[in-house]
Amino acid sequence: MSFINENQINQILKKTSQPQKQRVEEVLNKALTLKGLELEEVSVLLNIYDNASLNRLFNTALKIKEEIYGKRLVLFAPVYVSNYCSNNCLYCGFRKDNKEMKRRCLTLEELKEETKFILEQGHKRILMLMGEHTQKCGFEYFLKGLRAAYSVSDSKENTIRRINIEIQPLTEEQFQKLSKEKIGTYTVFQETYHKATYKKMHPIGKKADYEWRLNTMDRALNNGLHDIGIGALFGLYNYKFEVMALIQHAQHLDKTFNIGPHTISIPRLEHAQNAPVAITPPCKVSDNDFKKLVAVLRCAVPYTGIILSTRESAQIRKEVLNLGVSQISAGSKTNPGGYKEASANSENEEQFSLSDTRSSGEVIKSVLKQGFIPSFCTGCYRRGRVGRDFMDLAKPGLIKQHCLPNALTTLKEYLEDYADEETKKIGTELIKRKLNEISDKDVKQKTTMYLNQIEKGERDLYF
Ligand code: SAM
Ligand code: SF4
């Protein structure tokens, strides 16, 4: 079943290729109502080029972001379990034909060590990933890895509170098994929604099957999962087409299951070892177009988290935080074992190179200086506010009652346990200011109480 209608997307993009200023204004005003946009409206915004309209778009995206997310920014770190892969995606360093790659599947002990290292940087949520290889590191082993990662604690006795996962499309039976585990969001990127390009990029292996991948989230939601994330790898095909297709995918899920994607990821192609397509991307997305697409997505799906990884440079990351990105990774490594064993030769083991190589501590300090609240919150998923329940709270804006307090309490934990003096000072002042933004008297009082308890050594207090 394909719910991606290429002809329809192309026709709409063509029809709206030169939008009138007045139409742009109408669409931006609709976006401000936080009800989301239709495909034709998304296309109007994607076709904006003049600076005045672009600035209007950026300001609108910022207003929407502030309205829904305030200054919160959720942080996570990726953990790679294995770089074995039987696929040959032309853009990826893990691809089968990259004979220079040193292959490795972490032992459970190694995985625990990686997790401890990440915990010591203050993270509470991780994203677990791996290449696709049924023999060398299959789904059952991944499940053991999940449990191993949850089982460790660091020197402050903190543990990982949420593991999101990004592994190959699973079968119905596998989803049923996965749904019984403690997991956060399950994500798969379609890479490109353009079928002919998809076929070129994925010549062999299970991943060569476009429909199998496209229908992953239908299988997931039909078999017990609640929280799913989608994404496209920008640079493989025309970015406007990919954004329209992402929206079509989101609309399909919303219509069929009454659950939209919890997150949309927007990776851009990065250099990867022996990966010809990554070295010369066929449809490279410029920084300006990238900023535009982030802002358009924020207008189109206001309640969906937008995730940005350390693939992007520190400068671009700074800019797009104001345009709609709500989650970022920090201090990342893309090779199995990369945290504990940071080595000069990591290129032989990593999936792609990173542009932002700052440590988690540096990223956190920098976002605090920009006035954002780094949040390590995992409250929704642990209180069962997932899937439809989450959307029911998010859409009328009710989720905010929990988010800001949880962001402040988790930041407080970070400041107490892991921050240097400068970060602690900036963070403490920010918490004081933001506490005053909590309008509900009872919530404010309880948050103040939690903050005091955390200072005295209690942990994991949340709404
Ligand atoms: N192997 C599984 C799969 O492909 O579905 C799991 C995810 S893979 C480890 C994570 C993602 O990395 C891929 O979906 C792809 O979008 C992205 N990726 C691969 N090569 C990349 C590159 N050169 N630059 C940026 N992202 C890349
Ligand atoms: Fe394997 Fe995933 Fe890389 Fe493709 S993107 S080669 S499936 S790890």
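If the only charges are +1 at each Lys and Arg Cβ and -1 at each Asp and Glu Cβ, what is the size of the charge dipole of region 67-379 around the Cα centre, to the nearest 20 debye? Intermediate results must be reported in sequence, preceding the final value.
Working: 43 positive and 34 negative charges, 54 e Å.
Approximately 260 debye in magnitude.
Please compute the contact order of region 397-455 in relative form: average sequence separation of alpha-carbon pairs under 8 Å and at least six residues apart, divided by the residue count, as a percent. Write down the numbers at each step before the final one.
Values: 36 pairs, mean separation 27.5, N = 59.
Value for region 397-455: 47 percent.
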By the Cα gyration tensor axes a ≥ b ≥ c (a/c under 1.5 gives rounded; else a/b larger than b/c gives prolate, otherwise oblate), the shape of region 67-379 is rounded
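In region 397-455, how does Rg compare with the Kirkwood Rh, expressed as the Rg/Rh ratio over alpha carbon atoms?
On the way: Rg = 11.4 Å, Rh = 11.6 Å.
Rounded to two decimals, Rg over Rh is 0.98.
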List the relative contact order of region 1-152 as a percent without decimals, with contacts defined as Cα pairs under 8 Å and 6+ residues apart.
21 percent
Projected onto the charge dipole of the chain (+1 at Lys/Arg Cβ, -1 at Asp/Glu Cβ, origin at the Cα centre), which of Ile68, Tyr91, Leu368 gives the Cα projection farthest towards the positive end?
Ile68
Along the charge dipole of the chain, which of Leu111, Gln135, Leu54 sits closest to the positive end, that is, farthest toward it, with unit charges on the beta carbon of Lys, Arg, Asp and Glu (+1, +1, -1, -1)?
Leu54
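Give me the number: length gained by fully extending Lys369 to Asn10, i.e. 0.36 nm times residue separation minus the C-alpha to C-alpha distance, one decimal in nm. All intermediate terms of the calculation are to be shown ahead of the outcome.
Working: separation 359, 0.36 × 359 = 129.24 nm, distance 4.23 nm.
Full extension of this stretch gives 125.0 nm more.
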How many nm separate the modelled label positions at Gln20 and Leu143, each set 7 Å beyond the Cα in the direction of the Cβ?
5.9 nm
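With r as the distance between the Cβ atoms of Lys432 and Lys284 and R0 = 35 Å, compute the FRET efficiency 1/(1 + (r/R0)^6) and round to 0.05.
Numbers: r = 44 Å, r/R0 = 1.26.
In this case the efficiency is close to 0.20.
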Roughly how many Å² of Leu13 are accessible to a 1.4 Å probe, to the nearest 10?
20 Å²
Where His271, His194 fall by accessible area, highest first, once all protein chains stay in place (1.4 Å):
His271, His194
Within the chain, excluding any GluC sites (Glu not before Pro) found in a DSSP loop (not H, G, I, E or B) and having at most 16 other Cβ atoms within 10 Å, the longest uninterrupted segment runs 182-340
Residues Glu120 and Asn348, FRET efficiency given R0 of 30 Å [Cβ-Cβ distance, rounded to 0.05]
0.70
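Restricting to bridges with both residues inside region 67-379, how much of the DSSP beta-bridge set is antiparallel, in percent to the nearest 5?
Details: 3 of 31 bridges.
About 10 percent, rounded to the nearest 5.
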I'd like to know which of Asn406, Val443, Met201 lies farthest towards the positive end of the charge dipole of the chain, counting +1 on Cβ of Lys and Arg and -1 on Cβ of Asp and Glu.
Val443
Rg/Rh (Cα only; Kirkwood hydrodynamic radius) as it applies to region 1-124:
1.16
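Using the Cα gyration tensor of region 423-463, with a ≥ b ≥ c the square roots of its eigenvalues, what is the shape: rounded (a/c below 1.5), prolate (a/b larger than b/c) or oblate (neither)? It would help to have the intermediate numbers written out before the result.
Numbers: a/c = 2.46, a/b = 1.08, b/c = 2.28.
Oblate.
What trypsin sites (Lys or Arg not before Pro) in region 402-463 are in a loop by DSSP, with at most 11 other Cβ atoms within 10 Å of the Cβ? Write down the numbers at each step before the final one.
Values: sites: Lys412, Lys424, Lys425, Lys432, Arg433, Lys434, Lys441, Lys444, Lys446, Lys456, Arg459; in loops: Lys456, Arg459.
Answer in residue order: Lys456.
Given R₀ = 22 Å, FRET efficiency for Lys441-Arg383 by Cβ-Cβ distance, to 0.05?
Values: r = 22 Å, r/R0 = 0.98.
Efficiency for this residue pair is about 0.55.
Take every Cα-Cα pair in region 94-147 and report what % of them are more than 14 Å apart. Show your work: numbers first, answer last.
Numbers: 868 of 1431 pairs.
Across region 94-147, Cα pairs with separations above 14 Å total 61 percent.
Taking the Cα centre of region 13-112 as origin and charging only Cβ (+1 Lys, Arg; -1 Asp, Glu), how large is the dipole, in debye to the nearest 20?
Values: 18 positive and 12 negative charges, 56 e Å.
Computed charge dipole of region 13-112: roughly 260 debye.
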Just grab the label-to-label distance for Glu38 and Glu67, each label 7 Å out from Cα along the Cβ direction, in nm (one decimal).
2.0 nm
Length-normalised contact order for the chain - Cα pairs under 8 Å, 6+ apart - percent:
19 percent
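The values are calculated or read from the model by the stated rules, or taken from the named source; none is laboratory data. Here the structure is a predicted model, which is why all the values come from computation and not from measurement. In this analysis, Cβ positions are derived from the backbone assuming ideal geometry, glycine residues included, and neighbour counts consider all displayed protein chains. Note: areas computed on protein heavy atoms with side chains; ligands, DNA, RNA excluded. Shrake-Rupley method; radii C 1.70, N 1.55, O 1.52, S 1.80 Å.
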